[in-house]
1. May I ask you to say which residue of 115, 152, 136, 125 is farther than 23 Å from residue 196 by Cα, touching a helix residue (DSSP H, G or I) at 6+ places or on another chain (Cβ under 9 Å), modelled with pLDDT of 75 or more and in a helix (DSSP H, G or I)?
2. Between 85, 56, 26, which is surrounded by 19 or more Cβ atoms within 10 Å (Cβ to Cβ), modelled with pLDDT of 85 or more and under 22 Å from residue 192 (Cβ atoms)?
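The values are calculated or read from the model by the stated rules, or taken from the named source; none is laboratory data. All values reported here derive from a predicted model rather than from experimental measurement. Please note: Cβ atoms are built from the backbone with ideal geometry, for glycine as well, and neighbour counts cover all protein chains shown.
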């Protein structure tokens, strides 16, 4: 029981860290708020996913649960999830090779942060293809606490990463151009690639196929 919870918690933490440190609309808004209005405002924007994603989690989980009796459809979802994680891995690796850009970012409020997150396709892609299936996997295995641990690990590290980013940028604007950030992103990219392969293997197994 404990090992299963730790496994799901670790998976959620990894995905949360990757999403938290990867550049995107919310990432840019956190940086802009921090640079122009201080660390406190950047941290406020970092809380946006907690407010916008919870309803999405419920909807995605209920919809994916309806597919429980259709193994091939679940296989398609798993393959799509693997492809999305592969995309995340490639984007994360690319982010480790260059300095993030703030172009087009406009400092607003927490409400703007929520709007940015709602209008971004990434939360929808993640929860429907990766998040919800993982949550259901925990419940179906008779480990509801494992599913809870996954969600807590994801949000804890997602929000924690963006708040940490606000703190680091607020204290030293050279962080984004430093080697620590670039090596961190490359390491996360490698771990995401491993998760993509594991999810692809599960998807193929639902079709009765196996990876050598």
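1. Working: 152 fails: farther than 23 Å from residue 196 by Cα; 136 fails: farther than 23 Å from residue 196 by Cα; 125 fails: farther than 23 Å from residue 196 by Cα.
Exactly one of 115, 152, 136, 125 is farther than 23 Å from residue 196 by Cα, touching a helix residue (DSSP H, G or I) at 6+ places or on another chain (Cβ under 9 Å), modelled with pLDDT of 75 or more and in a helix (DSSP H, G or I), namely 115.
2. Values: 85 fails: modelled with pLDDT of 85 or more; 26 fails: modelled with pLDDT of 85 or more.
Within the list 85, 56, 26, the selection yields 56.
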